[in-house]
Amino acid sequence: MSVVSGALLAGMALPAVGALGLTAKNTAEGFDDIPDDFKTPPLSQVTQIFDAKGGLIARLYERDRTVITAEQMSPYMRQAQVDIEDARFYEHGAVDLKGVLRAISKNAESGTAAEGASTLTQQYVKNVNVEKAGDDKAAVQEAMRKTLGRKIQELKVAIRLEEELTKDQILTNYLNITFFGNGAYGVEAASQRYFSKSNKDLTIAEAATLAGLVQNPSKYDPKAHPQAAVNRRNVVIDKLLENKHITEAQAAEAKAAPLGLAYKDPQNGCIVAQAGMGFFCDYVRQVVKQDPVFGANAAERKKFWDQGGLNIRTTLDPEKQAAAQNAVSSNVRVTDSVSAAATMVEPGTGKIVAMAQTRPYGIDRARNQTVVNLSVDAAMGGGNGFQPGSTFKPVVAAAAMEAGLPPTQEYSSPNKMDYPDMKTCEGTWRNTGKPKVAVPNESASEEGPYQLKQAMALSVNTYFVQMEKEIGLCAVKQMSNKLGITARASGKPLDEVPSMALGVEEVSPLTMAGVYAAFAAGGTYCAPVAITGISTIDGKDVAIPPARCDTAFSESTARVLNTILNGVTESGGTGAALHLEGDRQIAGKTGTSDKKKAAWFTGYTPQLATAVWLGGPDGGVEMRNITINGKRRTEVFGADGPGPIWRDAMNQALRGAPKQSLPMADIPDPAPRTDPNATGSPSGTPSGARSGAPSNAPSHARSGAPSNAPSNAPSNAPSNAPANAPSDSQG
C-alpha cells in the first residue's frame, strides 16, 4: 500500500518533466487555476421555437440535452449510477486509492488492462473536456486520449473540483453531461428517448437500464440489443441490492420486469417542424446566426446557437400559416414542374405571420423536397429570387409622387418606344445601341395617352418607362432602398437601368410582401421581424434584434397608391377577378416576367399584405403550354396563376376579421377625348384610356420587360452606364 500510494502521489505532484512537458511550477499553478466551466459547464441543450400562440414549431439541438436539478432526478437513477460506476464515491476523494490497487491487482492477474480506476469525478472531468471540444474531431480525440499526461491533468482538476463542489453537485453535473446513446445526452433526454417520461418518474428497473448504458452505450443499447440491455440492467440491480439501496423484494420485482421501452426517435431540426413550418423555422435559425445582436462575428453567433437552451418566441400565426400552406398546396402539386411560395406580413410591424411553399422542407429529392426557402433571399437560406415583373411598377409610382408628380400625370404611352436616356445617381444611362433597344406594351391595343390610374390598371409598360425618365433612375433606386429592396435576392447590387421599372431585378416574396405592407401602413416600411422574444431554459431574457420602422413616403402618396392599386382589382383591371369574400376592400398588382418564367400577385388589406410567386424553382420554366394542378394552360399570367392562390390564402386568413377600409385619394378620371379617326360624335377615350379596360383589352397581367428590352448596357454606352444590366427574360 505504501509503495503504490507513494508512487501515485509522486506522479500527481511531480510528473515526469521530460515526457509530459510539465514543471513543478506549472503543476502547482494547475491546482489553483481551475476554469469555472468545470464547475458549471455551459452544456449544449435543446432550443425550442414557438409560434405566436405558444405552439411548438420545432426542437433543434447540436446535442439533445435538457439540464435538470438534483430534485428533478429520480433518486433511483442517482444511486444506480453511483453503485455501478463508483460505489465508494461518497467515501473517497477525487482519487480512490483502493480502486487503484484493486485495478492493478486484477489487471496483473489477467495480464490485461480491463479494469479501470477512474472515479466518477474523474469521468466527469473527461466528459467536460469532450463537451468543450464540441464538433472538433481532433479536439475530441485529444480529450479522450489515454495518456499519462492526460490522466494527470484530469486528476489535478478532479482534486480541485472536490474542494469546490459537494459530491451531490458533482453527481448532478455528471448525470447532466453523460452520453446515454441514440443521441441522448444527460438523464432527462435519455429518459424521454427510451421511456417517454421524465427522469423523476423512472422505476427502479428503468433507472438501472439507463445507468448500465454509460459504460458502453452501443453494446447495451436496449433498442438494438435488448437482451444485452436486460443483462446489464440486472447487474446494476444486483449492485443496488449489494449496497443495500433496495430490498430483496424490490430487486426481484425489478429483475422480473420487462424492458418496457417506449422509444421515441430523435426529433431534431426544422425537418421535423410542424406541417409547412420548416421554412420559417430555418429562417429563424438564419436570423440568429446572422444578426450581430447574437454575436460580434459569425463564430460567436454559431457558438451561441450551438449552445442552445433557448426558448424562441416568433411572429408566425398558426392560422395564417395554415391558410397560406393550404392555398399553395391546393393550387399547385408537389410533382408539378413549377412551385409556388406565399409570404404574409403584418403592415405597420413587419411581423412575418406566414411563410409557405408548395414543395415540402426536406432533403429527399425523390419526394420533391427542398431546403431552399423560395420566400427569402439567398443569404437567409433562399435562392437568387425571381423577377417581380409589373408588381414593381408601384415602386416607380411612389417615387414619382414623392418627386411631386400629380396622380393625374399623363404620358403619351405609345405602343412601342425606344428606351430614353435617363439620369442615374452617378451619371446618365444612354441607349446607344444600334438599333436602339425598344420596349413595347403587352397588347397592340395599348396606346396612350394614359394617366396613372389607367396605366396601373392596365399595366402599361411605356407609361412607366416615361415616368421613370422624368424622375430619373436614381429616384427609383432610392425609393427601392427605402422599401427594403437594397439589393437583389442574390446579394448583387441593384442596377440603374430603364428596365428596372418593369421588374427585372430578382427579389424574394418576403421582400415584395414587405414593400406592399408599407403601402398598407401609410408609407411606413418595417423590416421583416420573425422573433418576438428569447429566453434561456432558466428564464433569463436574451436581447433580440430591435424592430426597425421608417417612413418611406408620405401618407398622401400612400392614399394615391391605395387608390390606383385598388383600381387594378376593379372592373377592367388586370386583377379584376380576385375579389375577396364579403367584398372586402383590397389593393394589389399582377406581374409576369418575360417568357412567363415567373408570375406574381402581391396585394393587401389594412391588416395583411401577401406576396405570391409562381414559377420554376430554379427560374428556368416557361409557363406556356404547361400543366399545373392537373389543368393544361396555354400560358400563365399573374391574375390566373398566383392570383387564385393569393385569393384563397387571404380569404382563409382573414375569415372572421373585421372589414377595414384603405385610405383613398380622389383621382378624377380623364375627360373624354375625340377619336380623330372616328366619324360622328366623340367616341370617348381611346382604347384602354378610361378607368375600365376596353372590351377587347387583355384580362391577364401584363408582362414584365419584353424580350428585346436591354439585357445589357449598350456596348458603346458611357463609362457610367451599368455594364451588367439584367436580362428581362430571366424569371
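The values are calculated or read from the model by the stated rules, or taken from the named source; none is laboratory data. No experiment lies behind these values; they were computed from the predicted model shown. Quick reminder, even Gly has a Cβ in these numbers, built from the backbone with ideal geometry, and neighbours come from all protein chains shown. Just so you know, the surface numbers come from the protein's heavy atoms only, side chains and all, with ligands and any DNA or RNA stripped out. Shrake-Rupley method; radii C 1.70, N 1.55, O 1.52, S 1.80 Å.
Summary table below
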| item | result |
| --- | --- |
| Percent carbon-and-sulfur accessible area, region 424-549, ignoring ligands, DNA and RNA, probe 1.4 Å | 48 percent |
| Accessible area (Å², 1.4 Å probe, nearest 10) - Phe519 | 0 Å² |
| Lys200 paired with Thr634, simple spin-label distance in nm, labels 7 Å along Cα-to-beta-carbon | 7.1 nm |
| Shape of region 241-316, Cα gyration tensor, a/c cut at 1.5 | prolate |
| When each of Lys423/Lys589; Lys132/Lys244; Lys197/Lys351; Lys393/Lys659; Lys351/Lys469; Lys53/Lys393 is checked by Cα-Cα distance, pairs over 29 Å | Lys132/Lys244; Lys197/Lys351; Lys351/Lys469; Lys53/Lys393 |
| Whole-percent carbon and sulfur share, accessible surface of region 209-319, 1.4 Å | 50 percent |
| Surrounding net charge for Cys474, when Lys and Arg each add one and Asp and Glu each subtract one, Cβ distance under 11 Å | -1 |
| Of all accessible heavy-atom area on region 581-677, the percent that carbon and sulfur account for (1.4 Å) | 44 percent |
| His245 accessible area, assembled protein chains, probe 1.4 Å, Å² | 80 Å² |
| Area accessible to solvent at Ser535, 1.4 Å probe radius, in Å² | 20 Å² |
| Residue-wise HN-Hα coupling along region 233-248, computed from phi with Karplus coefficients 6.51, -1.76, 1.60 (Hz; x: Gly, Pro) | 4, 5, 5, 5, 4, 4, 5, 4, 5, 4, 8, 6, 9, 9, 8, 4 |
| Long-range HN-HN contacts of Val529 with modeled amide H, under 5 Å | Lys351, Ile352 |
| Cα-based equivalent ellipsoid of region 230-371: semi-axis lengths in Å, sorted from largest, via gyration tensor | 46, 23, 15 |
| Surface accessible to a 1.4 Å probe, per residue, for the residues of region 492-535, Å² | 17 Å² |
| Residues whose placed amide H lies under 5 Å from that of Ser339, excluding near-sequence neighbours | Gly615, Gly616 |
| From phi via Karplus (6.51, -1.76, 1.60), per-residue ³J(HN,Hα) for region 390-399 in Hz, x at Gly/Pro | 6, 5, 7, 4, x, 5, 5, 4, 4, 4 |
| Sum of side-chain charges, Met73 neighbourhood, beta-carbon under 9 Å (Lys, Arg +1; Asp, Glu -1) | 0 |
| Phi-based couplings in Hz for region 542-551 (Karplus 6.51, -1.76, 1.60; Gly and Pro marked x) | 10, 4, 10, x, x, 5, 10, 10, 9, 6 |
| Accessible area per residue, Å², region 362-466 with all protein chains present, probe 1.4 Å | 37 Å² |
